[in-house]
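Data block below; observations after.
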Amino acid sequence: MSIAESVDEVGSPQRPEAPTGGRRWVIGIFVVLTIGAIWSVRAISPGLSDVIEAPGEMWKIFRAMFPPAFQTEIDRGVVGKVFESLYIAWIGTIIAALISFPLSFLAAGNVAPRWIRYPIRQLFNAIRAVPELIVAMVLLAVVGLGPWAGALAIGLHSIGTLGKLSTEAIENADDGPLEAISASGGTWISGMRWGMVPQVLPTVISYWLFRFEINIRASTVLGLIGAGGVGSELSSQLAFRNFPQVGAVLAFTVALVLVIDTISGFVRRQVITGTGRKVDGGHTEVLFEDMLGSKLAPKK
């Protein structure tokens, strides 16, 4: 008997039916997004002429910024104001890191009971719900105009974001070290100090650096309402339509952001992946340096 005849006698296996549940979900999500987009466009009612003329008007303003009046802005002290935005973002990030990190342990489901973590999580949600601009406007009435109001606004608002990210890092960590410390008679504090912090700290530090990049941009916006930074200079030049000086301010700000993003990205990669490399028998072994000063090498 030939192979073809054997196949005909046995019969070819039937192909299983393709799943339809995932496709229905995709179609449902697409319909919801489409309805939401149409509803939003009808709510804001953009004029057709505004949409058509907007690119041309933006191009006119962009052309008016060239050549930027760098020397005029340097004489007005724009470099110091740019660095003031940097200081505001740095202080705000430090405030948020110092407050959010311990609170994140109380919000994590694998290390804290429900009656503690639920209120802390709701606190993080409430903080994230209020933009930095609103927080800064409230603080301006408390501490007055100046960079301190901007730093506090950025710090308070960043607590919500950093707290949520740090909580997720803690919940995704390995519980093995905690169980070992608990079995040997260690306390909850000892478990967090020696079993959890070394695991999550590199990831959490990368979140801090990423938030610092975001806060630099936020500090520029806060200057528009008098909360310090280069935004105040940008606002005054826009009010008088001095577009060459506006171009110079934007150029200095973009340069600062690009430099900080580059440095922060490099540091984040070093923190997450480690810096040392050890060659042994033709194999390259990456050595992870944790923030406590010890070196942890992957097991062979």
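It is to be established whether one or more residues within segment 74-82 are open to solvent by less than 80 Å² (accessible area, probe 1.4 Å), part of a helix (DSSP H, G or I) and either among the small types (Gly, Ala, Ser) or modelled with pLDDT of 90 or more (or both).
yes
If I ask for residues that are surrounded by 10 or more Cβ atoms within 10 Å (Cβ to Cβ) and among the aliphatic types (A, V, I, L, M), which ones from segment 46-73 would you list?
Residues satisfying the conditions are Ala54, Met58, Ile61, Ala64, Met65, Ala69.
Could you check how many residues of segment 110-136 are among the β-branched types (Val, Ile, Thr) and either within 25 Å of Pro177 (Cα to Cα) or surrounded by fewer than 13 Cβ atoms within 10 Å (Cβ to Cβ) (or both)?
Filtering segment 110-136 for residues among the β-branched types (Val, Ile, Thr) gives 111, 116, 120, 127, 130, 134-135.
If we keep only those that are either within 25 Å of Pro177 (Cα to Cα) or surrounded by fewer than 13 Cβ atoms within 10 Å (Cβ to Cβ) (or both) too, we end up with 111, 116, 120, 134.
Of the residues in segment 110-136, 4 are among the β-branched types (Val, Ile, Thr) and either within 25 Å of Pro177 (Cα to Cα) or surrounded by fewer than 13 Cβ atoms within 10 Å (Cβ to Cβ) (or both).
Check Ala43 against each of (1) at pLDDT 85 or above; (2) surrounded by fewer than 13 Cβ atoms within 10 Å (Cβ to Cβ) and name the one condition it does not meet.
(1)
Just give me the residues in segment 105-131 being within 16 Å of the chain's Cα centre (by Cα) and under 17 Å from Trp208 (Cβ atoms), in sequence order.
Phe124, Ile127, Arg128
Kindly indicate whether any position in segment 96-109 is of a type in the set (Val, Ile, Thr), open to solvent by less than 40 Å² (accessible area, probe 1.4 Å) and in a helix (DSSP H, G or I). Write out each step before concluding.
Initially, segment 96-109 is screened for residues of a type in the set (Val, Ile, Thr), giving 99.
Next, from what is left, pick out any that are open to solvent by less than 40 Å² (accessible area, probe 1.4 Å): none.
Taking every residue of segment 96-109 in turn, none turns out to be of a type in the set (Val, Ile, Thr), open to solvent by less than 40 Å² (accessible area, probe 1.4 Å) and in a helix (DSSP H, G or I).
Quick check on segment 137-162: of everything there that is more than 16 Å from Ser85 (Cβ to Cβ) and not hydrophobic (A, V, I, L, M, F, W, C), which residue is surrounded by the fewest Cβ atoms within 10 Å (Cβ to Cβ)?
Our first condition is that a residue be more than 16 Å from Ser85 (Cβ to Cβ); within segment 137-162, this holds for 137-144, 156, 159-162.
Of the ones still in play, those that are also not hydrophobic (A, V, I, L, M, F, W, C) are 144, 160-161.
Numbers: Gly144: 10, Gly160: 19, Thr161: 18.
Ranking the candidates gives Gly144 first.
Out of segment 213-240, which residues are of a type outside the set (A, V, I, L, M, F, W, C) and open to solvent by 20 Å² or more (accessible area, probe 1.4 Å)? Can you show your working first?
Within segment 213-240, the first condition is being of a type outside the set (A, V, I, L, M, F, W, C), and the residues that meet it are 213, 215, 217, 219-220, 223, 226, 228-229, 231-233, 235-237.
Across segment 213-240, the qualifying residues are Arg217, Thr220, Gly226, Ser232, Ser235, Ser236.
Among (1) at pLDDT 80 or above; (2) over 30 Å from Asn242 (Cβ atoms); (3) assigned to a loop (DSSP other than H, G, I, E, B); (4) not β-branched (Val, Ile, Thr), which single condition is Pro19 missing?
(1)
Quick one: which residue in Glu73, Glu84 is among the acidic types (Asp, Glu), touching a Pro at 6+ places or on another chain (Cβ under 6 Å) and touching a residue at least 12 places away in the same chain (Cβ under 8 Å)? I'd like the intermediate steps shown before the answer.
Numbers: Glu73 fails: touching a Pro at 6+ places or on another chain (Cβ under 6 Å).
Being among the acidic types (Asp, Glu), touching a Pro at 6+ places or on another chain (Cβ under 6 Å) and touching a residue at least 12 places away in the same chain (Cβ under 8 Å) holds for just one of Glu73, Glu84, which is Glu84.
Can you confirm whether Tyr207 is part of a helix (DSSP H, G or I), surrounded by fewer than 14 Cβ atoms within 10 Å (Cβ to Cβ) and under 25 Å from the mean Cα position of the chain (by Cα)? Write out each step before concluding.
Numbers: part of a helix (DSSP H, G or I): yes; surrounded by fewer than 14 Cβ atoms within 10 Å (Cβ to Cβ): no; under 25 Å from the mean Cα position of the chain (by Cα): yes.
So Tyr207 does not fit the description; no.
The values are calculated or read from the model by the stated rules, or taken from the named source; none is laboratory data. Fair warning: this is a prediction, and the values are worked out from it, not measured in the lab. Neighbour counts are summed over all protein chains in view; Cβ atoms, including those assigned to glycine, are modelled from backbone coordinates with ideal geometry. Calculation scope for accessible area: heavy atoms of the full protein, side chains included, ligands and nucleic acids excluded. Shrake-Rupley method; radii C 1.70, N 1.55, O 1.52, S 1.80 Å.
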